[in-house]
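What follows is one structure encoded as structure tokens, with my remarks underneath.
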Amino acid sequence: METLHHNPYLGPRAFTREHRLYGRDRELRDLTSLLVSERIVLLYSPSGAGKSSLVQAALIPALEARRFRVLPIVRVGLALPASMPPDANRYLAAAALSIGGDEAIERSLAELIVPPEQTDPDDTVLIFDQFEELLTVDPLHRAAKEQFCRTVGDLLRANRFLWALFIIREDYLAPLMEYAHFFPSRFRNTFRLDLLGPEAALAAIRRPALDAGVEFELATARSLVDDLRRARVQLVSDQVETMLGATVEPVQLQVVCYRLWQRLFPDGAPAGAAITSAALRMIGSVDEALADYYAERVAAAAAASGVRERVIRDWFDQQLITAGNIRNQVLRGEGVTAGLPNAALPPLINAYLIRAEQRRNFTWYELAHDRLIEPVRQNNAAWRERLAPFQRQAALWSATDRPASLLLQDADLAAAQAWVAAHPEQVEQIDEEFLKACRERQAEIDADRRRERLIRRLGVVSAVLAVVMLIAATAAFLAYQEADRLSRLARARELAAEAAVNLAVDPQLSLLLARQAVLVHRERNEPVDLAAESILYRALAVSRARATVDLGASVTALAVSADDRWWAAATISEAGAVEVVLVERADGRMQRLAGASDLVAALAFSPDSSKLVAVTWDGMVLGWATANPGQATRWLHPAVAGGNTPVQQDATLGVRLLDVVFGPDGNSVYTAGYDGWLRRWDAVSGRQVVIGGEEGVPLVSLTIDPAGVRIAAATQTGELFVWRLRLTPTMSAARGAMLSCRRRRIRR
């Protein structure tokens, strides 16, 4: 059977004139026409869009077909020989080196472009690739940059037969405009090359396979395109969703297709073969292909730079990707960038795993594309499974604020030290720090053990001396045991506290810490501390959770109904937006209640759970019916309303309210606030009366007994008011309902 032994996809390499470029027909036509007609063009695009591939594989052959003489591509950032004079312009020298080689480094650009012996000059095209190097190489040497731009601009003005194409990354476009006035066109003629659109990506996937005699099914190719253009997007609500983007990165497309072809046809593609959805599933996903490419490039970067592979992988995980799986940027440092030696950066940039961005003479690095986040995380996790157990423990210790509970002891520590002695070349700095902390902890434990043995010996000697001494020794030993018990209790509570801190961040770690807190007691057959047992149950519940409610803002008040059917929360966002949320616990259904215009200080449910009431800092009392909470009932603080007179809704608000409770009848609401007065409100009409208090002594907290006979209020000055109430048939008689009031100072 006839086979084709070549892979039609290039992987991460740039296309050259020996390759055929698909999916860029329109861009090639438009760019060629613009350059021929306008003579000076600035080509810009995002990183990885394939500018160099378009120019080398398509534009240069198209220009030569039109009888243009295309000079070798110029790079102004080339490394120069050590023999170059120190006062020479490094950009002009690099351009001469690009065009004429080492022997032409001291010649002028004019001589290289139009040789003196040439009498009839040709139409010549000068191409400057990666022209952002003018800005990034020696960024503060402005005089040399201006001299270079002036020289090239004068050449273009003096030679009408000279065409020029400048190629630059999009993020350097604005800084380049500082030098635009040196060029004849002032870079008015620009061409933007975008990433591949869906249809262009389809052509780049299917047509190379067709040229190799393999049918790449349309539906399969479309599925691959959709997978490649998936991206994680952070919404206004701070939620992160995966959505289909408008473009595909050419490098990622080539990497994935190259590896798919390798897996499907390792020995060549048979004639008439086809790539179907079933074949695509057999050889793995896009994530696997990108993860394999990431692993290969990281290993190559480690070999080229001498930086350990684990250091590079940790840098990707801990610096370039946030805990929420979003790209992060890091600032280039002097010799080391966020913990990674700078020698490892160029191989990673050349592999299109990271990209650099220049801002105000500083360089920032970030992951090349959101599509790499999941493959990087998955590949790093799989790679770490091959680490020694103590190295994984060290990584966990480092990622959780280095708790003492994770340190190795006794046999485990001895095994880790033996492994390090046998594999010194695999030990990283974090491993050494972890082992040092383990040894220090072991020294403390050994000292405690020696102390314990000494105390026991003294007890035996004391028992031999006399009964009195025996009693004293026994008491000392019991004191030691109590101290030991208290130490274990403190240890268990420390672990429980660490578990509580990690409960929302890392439920699995929280579960492990809580379990260890319980084991501290069970190892000695002691009763388990309630705090440790409680956090263990909470961690178990969280670790098994299948859904959560994210309110997306800070909670200022919380209430739960008496029948446990409803719970309510008040929140305030960083922007100051106030919201009240009502949740039905049975099905998690959440409703956002309207009405609050300022921070909600307190919430309360009626005894029969049919009503919810809230008080706000701007003096508003709000009420909702839980069965139909769509419309809020509003009452205003009497400081604005004026005495006992009901007020209209939506008037100007007044004094800050701090707490609210329902009376046992479910129709009386009591509020306390900064003005110092306790008031009762009718939950139906909104009418209110003053119960008591003292002006200028803020009431900050309320409570009422279930029978509604007494109500107590605490003041900001440390006093407690207790009123005995008499129920009255109407709110109008409420002012006479206060039979007595006791006032006492709260002890501190």
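A short reminder: the numbers here are calculations on the coordinates, not readings from a lab. The model shown is predicted, which means the values in this text are computed figures rather than measured ones. Cβ: placed from backbone, ideal geometry, glycine included. Neighbour counts: every protein chain shown.
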Discussion item. So if I restrict to the alpha-carbon atoms in the range 36-87, what is the Rg, and what is Dmax, the biggest pairwise distance, in Å?
Written reply: 15.1, 41
Discussion item. Give me the extension gain from residue 285 to residue 562: residue separation times 0.36 nm, minus the current Cα-Cα distance, reported in nm with one decimal.
Written reply: 94.6 nm
Worksheet item: How far is it, in nm, from the label point at residue 487 to the one at residue 707 when both lie 7 Å from their Cα along the line to the Cβ?
Response: 5.4 nm
Worksheet, complete the sentence: With T = 4 °C, eta = 1.567 mPa s and Kirkwood Rh from C-alpha pairs, the Stokes-Einstein D of the range 107-241 in µm²/s is about 67 µm²/s
Item to complete: Select from the range 289-381 those GluC sites (Glu not before Pro) which occupy a DSSP coil region and have at most 13 other Cβ atoms within 10 Å, ordered by residue number.
Response: 334
Fill in: Calculated FRET value between residue 477 and residue 542, using beta carbons and R₀ = 60 Å, to 0.05
0.90
Fill in: Sorted by Cβ neighbour density within 10 Å, fewest at the top, the residues 386, 332
386, 332
Item to complete: Mind checking the range 89-184 for GluC sites (Glu not before Pro) that DSSP puts in a loop (not H, G, I, E or B) and that have at most 16 other Cβ atoms within 10 Å?
Response: 106, 117
Worksheet item: In deg cm²/dmol, rounded to 500, what helix-only [θ] at 222 nm does the chain give when every DSSP H run of at least 4 residues adds -39500 (n - 2.57) and the total is split over its residues?
Response: -12000 deg cm²/dmol
Worksheet item: Label residue 157 and residue 34 with points 7 Å out from Cα along Cα→Cβ: what is the distance between them in nm?
Response: 2.5 nm
Worksheet, complete the sentence: Sorting 108, 490, 615 by the position of each Cα along the dipole of the chain (Lys, Arg +1; Asp, Glu -1; all at Cβ), the one nearest the positive end of that ordering is 615
Item to complete: Send over the per residue convex hull volume for the range 25-192, Cα only, as a whole number of Å³.
Response: 116 Å³
Worksheet item: How high is the FRET efficiency from residue 591 to residue 722, r the C-beta distance, R0 35 Å, rounded to 0.05?
Response: 0.40
Worksheet item: For the range 198-284, what is the largest minus smallest coordinate of the Cα atoms on each principal axis, given in angstrom and ordered from greatest to least?
Response: 53, 24, 21
Response to the item:
Expected unfolding gain across residue 414-residue 111 under the 0.36 nm per residue rule, minus the alpha-carbon gap, is 101.8 nm
Item to complete: Assign unit charges at the C-beta atoms only (+1 for Lys and Arg, -1 for Asp and Glu), then state the dipole size of the range 105-196 relative to its Cα centre in Debye, rounded to the nearest 20.
Response: 420 debye
Discussion item. Which GluC sites (Glu not before Pro) in the range 376-481 sit in a loop by DSSP (not H, G, I, E or B) and have at most 12 other Cβ atoms within 10 Å of their own Cβ?
Written reply: 385
Worksheet entry | Taking 19, 6 and counting other C-beta atoms within 10 Å, the order from fewest to most | 6, 19
Worksheet item: If you place +1 on the Cβ of every Lys and Arg and -1 on the Cβ of every Asp and Glu, how big does the dipole about the Cα centre of the chain come out, in debye to the nearest 20?
Response: 2260 debye
Response to the item:
Taking every other residue with Cβ under 15 Å from the Cβ of residue 73 and scoring Lys and Arg +1, Asp and Glu -1, one gets 0
Worksheet entry | Calculated Rg and Dmax of the range 404-543 using C-alpha coordinates, Å | 19.5, 61
Response to the item:
Out of 57, 43, 78 - ranked by how far each Cα lies towards the positive end of the dipole of the range 25-192, with unit charges on the beta-carbon of charged residues - the top one is 43
Worksheet item: If each residue's Cβ is checked for other Cβ atoms within 10 Å, how do 564, 171, 138 rank with the fewest at the top?
Response: 564, 138, 171
Practice prompt. Please give, to one decimal in nm, the separation of the simple spin-label points placed at residue 192 and residue 350, each 7 Å out from Cα toward the Cβ.
Written response: 3.1 nm
Worksheet item: For percent of Cα pairs over 46 Å apart, which listed value, (1) 40; (2) 51; (3) 29, comes from the coordinates shown?
Response: (2)
Worksheet, complete the sentence: The size of the Cβ-based charge dipole (Lys, Arg +1; Asp, Glu -1) of the range 181-299 about the Cα centre, to the nearest 20 debye, is 480 debye
Worksheet item: Pulled fully out, how much extra length does the chain show between residue 278 and residue 432, if you take 0.36 nm times their separation in residues and subtract their Cα-Cα distance?
Response: 50.6 nm
Worksheet entry | Overall dimensions of the range 289-386 as given by Cα atoms, namely Rg and Dmax in Å | 12.5, 42
